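Notes for the one structure printed next.
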Amino acid sequence: MSCCEPANARSFLENASEVSGLREEIRLTSRDLGDGLRQTVLSVPDIHCGACIASVERALKKVEGVESARVNLSTKRVTVNWRDSDGPAPDLIAELAGAGHASHLFAAAQESRDPALTGLIKALAVAGFCSMNIMMLSLSVWSGADEQARYAFHLVSAALALPAILYSGRIFYASAWSALRHGRSNMDVPISIGVLLAFALSVYDTFQNAPHAYFDASTSLLFFLLIGRTLDHLMRQRARSAVSALARLSPSGATVIADNGAKDYIALSDIRPGMRMIVAAGERVPVDGIVSDGRSELDCALVSGESQWKPATVGTLAQAGVMNLANPLVLTATARAEDSFLAEMVRLMEAAEGGRARYRRLADRASSLYSPVVHAVAALSLFGWLYATGDWHLSITIAIAVLIVTCPCALGLAVPIVQVVAARRLFESGIMVKDGSALERLAEADSVIFDKTGTLTSGKPRLVNTDTIPAEVLAIAVAMARLSRHPVSSAIAAGYQGDAAALPVLDSVEEIHGLGVEARMKGDVYRLGRPAWASGEKAADPGAASMSSSVLSRNGEVLATFLITDRLRDGARDTVAALRQRGLAIEILSGDAPAAVSGVAAEVGIDDFAPDMLPAGKVDHIRALQASGRKVLMVGDGLNDAPALSAAHVSMAPATAVDIGRNAADFVFLHDNLRAVDTALNISLRAGALIRQNFVLAIGYNVIVVPVAIAGHVTPLLAAIAMSMSSVLVVANALRLGRPAKRGTVPARPAPASGEPR
Amino acid sequence: MSYLVVLIPITILMGAIGLAAFFWSLRSGQYEDLNGAAERVLMDEDSE
């Protein structure tokens with residue numbers, strides 16, 4: 001299978017063709033470019049190579065009304081400009097599905113360009129250009145230029161330093177100023193003072209024709225610090241864009257039936273209680289509502305953690321986010337989007353913001369200790385020299401040398417560079433980290449709480465007893481199941497390994513709502529579905545049946561029973577064992593029934609479990625643990641886990657989680673294998689060790705150089721060399737993390753077909 | 001001395017041109033899709 005052949009094309013095609021209102025949604029989320037042109041950004045996670053680019057662009061350009069389509073391989077997005085006519089928007093997603101690419105709309109609010117990053121890179125380029133040229137001139141001054149040339153060189157250096165000081169320095173001045181205004185101090189305060197003072201004194205010295213100027217020191221300081229700043233930003237941005245490239249689960253609107261019967265697709269925020277909306281099979285319920293027409297089954301796993309599907313008939317309450325499995329439903333909205341279950345979870349999450357809000361990043365903690373010390377040392381050397389010699393100029397020169405030499409150049413790089421390398425290692429293992437402090441927090445975790453459905457289990461039903469079913473019986477069942485979109489049918493169809501052409505041909509097939517599939521072949525009636533119904537008893541109450549078995553019958557006589565269960569996630573047992581070996585306490589908090597939870601708990605080897613947990617209950621449990629001094633790592637995927645994810649000290653979610661859960665989690669892992677939890681923990685611990693080593697290196701360097709600077713022996717040459725050396729040392733140390741560890745890491749599994757960043 | 005008056009401005013000018021070229025390429029979106037550019041160079045022009 002080549003990378004361009006999406007594994008899930010079939011299932012996606014079926015989804016896409018069913019989704020009503022998608023074309024209206026395309027129009028709704030597009031951006032008006034003026035002149036009747038509209039722009040739509042689609043996320044296509046499975047673009048991997050040049051052939052994919054060509055096929056996506058060719059498919060889109062063929063669509064009527066499309067003016068241009070351009071793929072961005074790095075972000076796995078395609079930007080389509082199309083001409084607006086009176087008809088519906090071009091059905092871009094269906095066209096892409098036809099070409100075999102699953103895609104989803106990218107929210108219009110998300111800007112594809114990042115102005116902050118562009119600003120940082122520009123500042124970095126200016127600082128690099130200026131500092132390199134000044135360094136070149138400084139070298140000639142140091143190697144002994146005559147007085148006249150030295151004066152000229154200093155003048156040119158001053159002119160070159162000006163853009164770096166004014167343009168590139170802004171970032172630091174702004175941050176320092178906002179800290180000072182709030183009565184705080186951060187790393188940027190000594191940097192700003194050092195840079196500005198050094199520049200001012202150098203200009204003064206230049207006009208006094210003094211032998212030394214500090215232009216090189218102040219600009220290369222900016223250059224090095226900007227490297228750290230840019231890396232830090234880059235890491236966070238990459239993770240964010242990778243997370244948003246995953247499929248969105250909540251619809252941005254719904255198809256509403258007006259009183260006169262007209263169907264209209266309207267935005268989520270415009271839905272009012274009392275409106276009647278259509279939810280197609282495979283769609284998620286947009287706002288809370290009561291079923292007013294239709295009969296189907298609902299998958300509540302992401303909402304409540306229950307693995308059992310709930311039957312839905314007229315009068316059933318469906319919460320926002322619940323997936324409609326079988327047949328189209330008409331719901332009467334009972335709440336607006338901002339009052340529905342989803343919004344409730346958001347409010348709980350905001351209230352739950354726990355460990356994270358209080359957590360201060362290591363670099364911030366270091367700088368809050370460091371910057372007062374730097375200020376004090378610089379001020380002391382100023383007054384000390386002033387008292388000893390009475391020479392203002394000499395004293396200020398030495399004070400600036402102290403400021404520059406102690407400026408946390410290596411310190412500013414020490415943390416971001418390690419985190420960038422660690423984030424890269426995590427990316428390679430299919431784990432995305434939202435921000436650097438998450439790595440620090442993960443290293444501190446001492447207990448792990450798992451959600452059950454979708455986290456410890458894969459959340460996808462699977463046929464388990466393929467071996468015991470005769471091949472010809474399985475073939476008939478698969479032939480019937482292929483035509484239904486019910487998850488049990490999909491599980492049976494997926495359990496068939498043979499050739500689709502070899503399947504028996506059915507004469508007629510009918511899907512009976514909520515019961516199963518009935519087919520006729522050569523005069524016999526075959527039924528695949530709920531045991532009671534298939535074996536010919538009178539149609540039983542659908543609620544009493546279990547999801548775990550399905551029966552195939554011929555004329556009422558049972559041919560085979562298909563056992564279907566929600567399988568454990570790969571590596572779940574190993575991961576639990578590995579985590580326990582690290583000495584972490586492990587628990588399960590689930591919204592599911594006690595029997596289901598205890599079964600899974602016994603299987604993975606976890607003794608502590610709590611079933612029937614409500615979202616608020618999970619939060620309270622985590623709060624209680626944290627109050628007793630524990631640092632909790634929460635791993636969960638559902639909407640009901642989202643508040644717990646934000647309450648925990650650090651949190652992880654699989655890529656299949658609801659978007660709100662993915663946004664709440666610090667880490668998102670893409671592979672199916674739960675081993676990612678252990679891998680992330682391992683990398684974060686090693687990153688923590690490297691950061692501490694880097695701090696020791698950076699501070700050790702200061703301990704050696706500062707006394708020399710206070711004694712007044714640091715020339716600009718020495719300062720520049722020492723500064724660069726310490727930065728290079730810190731970077732080299734961080735890169736050690738890039739190498740695989742000698743032991744304790746698992747070989748990364750091959751990537752799944754979609755959603756894998758490169 | 002006099003040669004420096006000519007050479008140094010030339011050096012800086014050349015550097016500044018490089019910097020300007022970088023800004024131009026940044027602005028025209030050449031760094032938006034580095035992976036895609038690597039693949040596109042191998043693609044045939046659309047034959048349709």
Helices (runs of 4 or more DSSP H) contained in the stretch A:57-164 and holding at least 1 residues within 30 Å of B:ARG40 (Cα to Cα) and within 11 Å of chain B (Cβ to nearest Cβ): A:115-142
Residue match in the stretch A:186-202 (condition: assigned to a loop (DSSP other than H, G, I, E, B) and farther than 22 Å from A:THR406 by Cβ): no
Any hit, the stretch A:21-33, residues being at pLDDT below 70 and more than 27 Å from the chain's Cα centre (by Cα): yes
Residue match in the stretch A:12-19 (condition: on the phi > 0 side of the Ramachandran plot and modelled with pLDDT under 80): no
Residue that is nearest to the other protein chains (Cβ to nearest Cβ) [pool: residues in the stretch B:1-22 that are open to solvent by less than 50 Å² (accessible area, probe 1.4 Å) and not aliphatic (A, V, I, L, M)]: B:GLY15
Residue tally, condition touching a helix residue (DSSP H, G or I) at 6+ places or on another chain (Cβ under 7 Å) and either closer than 26 Å to A:CYS300 by Cβ or not in a loop (DSSP other than H, G, I, E, B) (or both), over the stretch A:503-519: 6
Residues located in the stretch A:267-283, provided they are crowded, with 19+ Cβ neighbours inside 10 Å and part of a strand (DSSP E or B): A:MET277, A:ILE278, A:VAL279
Listing of strands (runs of 3 or more DSSP E) fully contained in the stretch A:368-471 that carry 2 or more residues being touching a helix residue (DSSP H, G or I) at 6+ places or on another chain (Cβ under 7 Å) and under 30 Å from A:TRP309 (Cβ atoms): A:447-450, A:457-463
Among (1) at pLDDT 80 or above; (2) open to solvent by 10 Å² or more (accessible area, probe 1.4 Å); (3) within 13 Å of A:LEU552 (Cβ to Cβ) - the single one A:ALA477 does not satisfy: (2)
Residue among A:LYS460, A:LYS452 that is within 30 Å of A:ASN682 (Cβ to Cβ), surrounded by fewer than 19 Cβ atoms within 10 Å (Cβ to Cβ) and modelled with pLDDT under 85: A:LYS460
Pairs, first in a loop (DSSP other than H, G, I, E, B) in the stretch A:203-216, second polar (S, T, N, Q), C-beta under 7 Å, six or more apart: A:HIS212/A:THR715; A:ALA213/A:SER157; A:ALA213/A:SER202; A:ALA213/A:THR206; A:TYR214/A:SER202
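The values are calculated or read from the model by the stated rules, or taken from the named source; none is laboratory data. Since we're looking at a predicted model, the values are computed, not measured. Backbone-built Cβ (ideal geometry, glycine too); neighbour counts: all protein chains shown. Only protein heavy atoms, including side chains, enter the accessible area calculation; ligands, DNA and RNA are left aside. Shrake-Rupley method; radii C 1.70, N 1.55, O 1.52, S 1.80 Å.
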